[in-house]
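Enquirer: Dumping the structure here so I can ask a few things about it.
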Amino acid sequence: MHISRIACAFLFCGGIAMAQTAAKPSDTVPVEPKAPVSFDLTAIDKTVDPCVDFYQYACGNWRKNNPIPEDQVRWGRFNELGERDRYLLYQDLTQAANDPKTPLQVKYGNFYAACMNSDLADQLGEKPVEPVLAKIDALNDKHDLAALVAQLADQDGTATFFRFRSEQDEKDATKQIASVFQGGISLPDRDYYLEDNDRMKTIRSQYKEYVTALFKLAGDSDDKAAQEADAVLTIETALAKGSLPRVELRDPDKRYHLLPVSDLSTLAPDFNWSTYLSDTPAPAVTTLNIATPDFFKAMNDVIAGQSLDNIKSYLRFHALNGAAPWLSSNFVDLNFGFFQKTLTGQAVETPRWKRCTALTDRAMGEAVGQDWVKQNFPPQAKASMEKLVTEMEKALNEDIQSLPWMTPETKAQAEAKLAAFRKKIGYPDKWRDYSKLEVKRDDLLGNIQRAAAFETARDLHKIGKPVDEKEWGMTPPTVNAYYDPSNNDINFPAGILQPPFYDYTKDPAVNFGAIGVVIGHEMTHGFDDEGSKYDAQGNVKNWWTPADKAAFDERTGCEVKEYGNFEPVPGQKLNGKLTLGENTADNGGLRIAYRALESVLASEGPGAETKEIDGYTPAQRYFISFAQVWCENTRDQYARVAAHVDPHSPGRFRANGAVQNFDEFGKAFGCKKGDPMMPVDPCVVW
């Protein structure tokens, strides 16, 4: 399990920890999705009182008319745009696979073509993963485990016990350092191994059945497969017990321990760390961040206490499970049946063209992205976005100045941090070089392994070097955005800068309600419970007076309680502490973008703030535009998984939770104090 420091507008940056699925050869021919629209009048359900349930008012008809497709676990406005972007990317990839025009298109076209060749995958069966399994089978001594773990991670794309990577130094953000981090489990979260309730017990039983079936599919006997499954579950449970919970991982002080490399041998003496480190592409290091020290004690207990055969079973499972989505259809179906159908309720396998498009984007995103932005993100779109960001920065600065609970001393520090924000819009200034990545048109799993090795080497080679402030953490077609506290930067890929988020033909109220709130959301992440621990230079440093920090904690505590009482599915409440950062960003983004809209309307002259369009005032159009970004339908199984692992609240609570904390919403729709959407004591931070 890896928790990224970057905070995203919508999708969990680290991704919900599930295997990716490919689909059967009988995929349907892709149909071009309808382009999403901004401010959808047909989505509104006027039978609902907006002061009682604004989300249902703004999205009720949309939800009725947009059931979840069978190959999805949720369906919302983000998905609409995501499917559109994916289709446009699919067209580029198909063109590159069939008739490439440049050397770069040859490379990513071959990657996509190899992925789409499901007939070859069926012919090969498990053969593509057999070389990796042979390496594991050849392990005869625990002393050699470290070399094998390094080889699996660095050459074969198979991560096992832990993660080794580069990261910015939390206390000196100009430096890239080495870091080791907990990992090694396959279910979505440690809670799935540890919670003692009927639902989790059932999932663990189903998971064990899946592990057993996977070993049998690889040729093991019934008895051996059952024994190996027991070993896998035992080892992963032990690793889960040693792992920090997600809420604690949000605290930089709990995941930063810059220590001598020799301390690794103290924590886990039965793992040969000198061999492991020397066998990776990383330069030699004397210190590193041991992010989760107790985890490595638990890992050592596993290595010392489990038999060599059990450890090999664990390694074999991770190799098979990682490869299964891209092997023959029997492996694909088995993998899909547990990770998608059982865990999240997805009805049918995702069409292969969608999965291969996403896979190619993950493997070679800045190669594919170069051509994608030329066709889908004109220079004027970037220029317009830069103007919007400037308006939002001005509004946030005014918001900071007006805060009644913050002293001038802390305000000055907050303003300095805002002034230091870096802004990345659309795509990188310098594209990543993929010339050393080898891609073969008839070797899908090999391509995946080589792409993983390429990325691992690229990441580890950053250790000891200055931070590249212009590097991106998302690919250009991505429908998302993020804030990175160590870089103190806000990032908006080209993929999200389209309707329903941004439409230059619409009035300012619609755009500020959609993309404006997204911008404000990412800015507010710099001042949420996690981001507020970083200074203007991206270092973890306290810049608050004690009184201001206490006042801040009191206000965020209100949000923890408020959102912790929201229930997305019966019997499953949200974790108010896990979702605190995103909830704070939603609330702050809504307020900041509204302030920016007021400034723009004021500049347009008298009457602009009351001029109706489609029967709605600018304020009403602003709030409807905001809520409609979150229109969605979600499968119950997925909602239960998300409640454990996703730091974002579901769409209903992102919309209603934010507007009920903002009195300007109640004024716009004529609500009364005490109405559900205009409570007497709202939670207000920024």
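Enquirer: State all residues of segment 151-185 that are part of a loop (DSSP other than H, G, I, E, B) and either more than 28 Å from Glu130 (Cα to Cα) or hydroxyl-bearing (Ser, Thr, Tyr) (or both); if no residue qualifies, say none. Let's see the steps before the verdict.
Expert: Within segment 151-185, the first condition is being part of a loop (DSSP other than H, G, I, E, B), and the residues that meet it are 156-161, 170-171, 183-185.
Once the filter is applied, which keeps residues that are part of a loop (DSSP other than H, G, I, E, B) and either more than 28 Å from Glu130 (Cα to Cα) or hydroxyl-bearing (Ser, Thr, Tyr) (or both), segment 151-185 yields Thr158, Thr160, Glu170, Lys171.
Enquirer: Any residue at all in segment 190-210 that is in contact (Cβ under 8 Å) with a residue 40 or more places away in the chain, assigned to a loop (DSSP other than H, G, I, E, B), in contact with a Ser or Thr (Cβ under 9 Å, 6 or more places away or on another chain) and not hydroxyl-bearing (Ser, Thr, Tyr)?
Expert: There is at least one residue in segment 190-210 that is in contact (Cβ under 8 Å) with a residue 40 or more places away in the chain, assigned to a loop (DSSP other than H, G, I, E, B), in contact with a Ser or Thr (Cβ under 9 Å, 6 or more places away or on another chain) and not hydroxyl-bearing (Ser, Thr, Tyr).
Enquirer: Take Gly589 and tell me if it is at pLDDT below 95 and either surrounded by fewer than 14 Cβ atoms within 10 Å (Cβ to Cβ) or not in a loop (DSSP other than H, G, I, E, B) (or both). Can you show your working first?
Expert: On the way: at pLDDT below 95: no; either surrounded by fewer than 14 Cβ atoms within 10 Å (Cβ to Cβ) or not in a loop (DSSP other than H, G, I, E, B) (or both): yes.
Spelling it out, it is not the case that Gly589 is at pLDDT below 95 and either surrounded by fewer than 14 Cβ atoms within 10 Å (Cβ to Cβ) or not in a loop (DSSP other than H, G, I, E, B) (or both).
Enquirer: Given Gly557, Gly564, Gly571, which one is surrounded by fewer than 21 Cβ atoms within 10 Å (Cβ to Cβ), on the phi > 0 side of the Ramachandran plot and over 20 Å from the mean Cα position of the chain (by Cα)? Walk me through how you get there before you give the answer.
Expert: Numbers: Gly557 fails: on the phi > 0 side of the Ramachandran plot; Gly564 fails: on the phi > 0 side of the Ramachandran plot.
Sole residue among the options that is surrounded by fewer than 21 Cβ atoms within 10 Å (Cβ to Cβ), on the phi > 0 side of the Ramachandran plot and over 20 Å from the mean Cα position of the chain (by Cα): Gly571.
Enquirer: Say we look at segment 121-155 and pick out the residues that are of a type in the set (A, V, I, L, M, F, W, C) and over 32 Å from the mean Cα position of the chain (by Cα); which of these is farthest from Pro269 (Cα to Cα)? Walk me through how you get there before you give the answer.
Expert: Just the residues of segment 121-155 that are of a type in the set (A, V, I, L, M, F, W, C), to begin with: 121, 124, 129, 132-134, 136, 138-139, 145-150, 152-153.
Applying the additional criterion that residues be over 32 Å from the mean Cα position of the chain (by Cα) yields 124, 134, 138-139.
Values: Leu124: 41, Ala134: 27, Ala138: 23, Leu139: 19 Å.
Checking each candidate, the answer is Leu124.
Enquirer: Right, here's the next one. I'm trying to understand the selection: among the residues of segment 63-101, which are among the basic types (Lys, Arg) and within 12 Å of Val368 (Cα to Cα)? Before the answer, list the steps.
Expert: Restricting attention to segment 63-101, the residues satisfying the condition of being among the basic types (Lys, Arg) are 63-64, 74, 77, 84, 86, 101.
The answer is Arg86, and nothing else.
Enquirer: Return the only residue of Lys374, Lys354 being surrounded by fewer than 24 Cβ atoms within 10 Å (Cβ to Cβ), of a type outside the set (Val, Ile, Thr) and modelled with pLDDT of 95 or more.
Expert: Lys354
Enquirer: Also, quick follow-up: Between a residue in segment 381-392 that is of a type in the set (D, E, K, R) and any residue that is in a helix (DSSP H, G or I) and at pLDDT 95 or above, which pairs come within a Cβ distance under 6 Å, given they are 6 or more apart or on different chains?
Expert: Final answer for the pair search is Glu391/Ala596.
Enquirer: State whether the residues of segment 77-97 include one that is within 11 Å of Glu632 (Cα to Cα), part of a helix (DSSP H, G or I) and charged (D, E, K, R).
Expert: To start, the set of residues in segment 77-97 that are within 11 Å of Glu632 (Cα to Cα) comprises 77-80.
Cutting the leftovers down to part of a helix (DSSP H, G or I) gives us 77-80.
With charged (D, E, K, R) added as a condition, the list becomes 77, 80.
Within segment 77-97, one or more residues are within 11 Å of Glu632 (Cα to Cα), part of a helix (DSSP H, G or I) and charged (D, E, K, R).
Enquirer: Hey, another quick one. When the residues of segment 241-298 are filtered to those that are aliphatic (A, V, I, L, M) and assigned to a loop (DSSP other than H, G, I, E, B), which remaining residue is surrounded by the fewest Cβ atoms within 10 Å (Cβ to Cβ)? Step through it out loud before you land on a result.
Expert: Keep residues of segment 241-298 that are aliphatic (A, V, I, L, M), which gives 244, 247, 249, 258-259, 261, 264, 267-268, 277, 282, 284-285, 288, 290-291, 298.
Remaining after also requiring assigned to a loop (DSSP other than H, G, I, E, B): 244, 261, 268, 282, 284-285, 291.
Numbers: Leu244: 21, Val261: 17, Ala268: 26, Ala282: 23, Ala284: 10, Val285: 13, Ala291: 24.
Of everything passing the filter in segment 241-298, Ala284 is surrounded by the fewest Cβ atoms within 10 Å (Cβ to Cβ).
Enquirer: Search segment 318-335 for residues that are over 15 Å from Thr350 (Cβ atoms) and pair each with any residue that is among the β-branched types (Val, Ile, Thr) and assigned to a helix (DSSP H, G or I) when their beta-carbon atoms are under 7 Å apart and the residues are at least 6 apart or on different chains.
Expert: Ala319/Val129; Ala319/Val132; Ala319/Ile136; Leu320/Val129; Ala323/Val129; Leu327/Val129
Enquirer: What residue, among those in segment 433-462 that are among the polar types (S, T, N, Q) and not in a loop (DSSP other than H, G, I, E, B), is surrounded by the most Cβ atoms within 10 Å (Cβ to Cβ)? Steps first, please.
Expert: Applying the first criterion (among the polar types (S, T, N, Q)) to segment 433-462 yields 435, 447, 449, 456.
Those left that are additionally not in a loop (DSSP other than H, G, I, E, B): 447, 449, 456.
Values: Asn447: 25, Gln449: 22, Thr456: 20.
Within segment 433-462, the match that is surrounded by the most Cβ atoms within 10 Å (Cβ to Cβ) is Asn447.
Enquirer: Considering only segment 604-624, how many residues are exposed (fewer than 12 other Cβ atoms within 10 Å of the Cβ) and in contact (Cβ under 8 Å) with a residue 12 or more places away in the chain? I'd like the intermediate steps shown before the answer.
Expert: As a first pass, look at segment 604-624 and keep what is exposed (fewer than 12 other Cβ atoms within 10 Å of the Cβ): 605-607, 610, 612, 614-615.
From the residues that got through so far, the ones that are in contact (Cβ under 8 Å) with a residue 12 or more places away in the chain too are 614.
Count: 1.
Enquirer: Among the listed residues Val479, Val517, which satisfies the condition of being touching a residue at least 24 places away in the same chain (Cβ under 8 Å), within 28 Å of Tyr87 (Cα to Cα) and either of a type in the set (Asp, Glu) or not in a loop (DSSP other than H, G, I, E, B) (or both)?
Expert: On the way: Val479 fails: either of a type in the set (Asp, Glu) or not in a loop (DSSP other than H, G, I, E, B) (or both).
Exactly one residue qualifies, and that residue is Val517.
Enquirer: Let me ask you something else. Identify, by number, the condition in (1) closer than 19 Å to Leu145 by Cβ; (2) surrounded by fewer than 19 Cβ atoms within 10 Å (Cβ to Cβ) that Ala319 doesn't meet.
Expert: Among (1) closer than 19 Å to Leu145 by Cβ; (2) surrounded by fewer than 19 Cβ atoms within 10 Å (Cβ to Cβ), the lone unmet condition for Ala319 is (2).
Enquirer: Still on this structure, please answer the following. Quick check, is Thr280 more than 26 Å from Tyr193 (Cβ to Cβ), out of contact with any Ser or Thr (no Cβ under 6 Å at 6 or more places or on another chain) and touching a residue at least 60 places away in the same chain (Cβ under 8 Å)?
Expert: Details: more than 26 Å from Tyr193 (Cβ to Cβ): yes; out of contact with any Ser or Thr (no Cβ under 6 Å at 6 or more places or on another chain): yes; touching a residue at least 60 places away in the same chain (Cβ under 8 Å): yes.
Judged against the criteria, Thr280 is a match.
Enquirer: Let me ask something else about it. Could you tell me whether any residue of segment 285-295 is modelled with pLDDT of 95 or more, in contact with a Lys or Arg (Cβ under 8 Å, 6 or more places away or on another chain) and under 30 Å from Ala226 (Cα atoms)?
Expert: no
The values are calculated or read from the model by the stated rules, or taken from the named source; none is laboratory data. Small disclaimer: the values here were computed from a predicted structure and weren't measured. We place every Cβ from the backbone using ideal geometry, glycine too, and count neighbours over all the protein chains shown.
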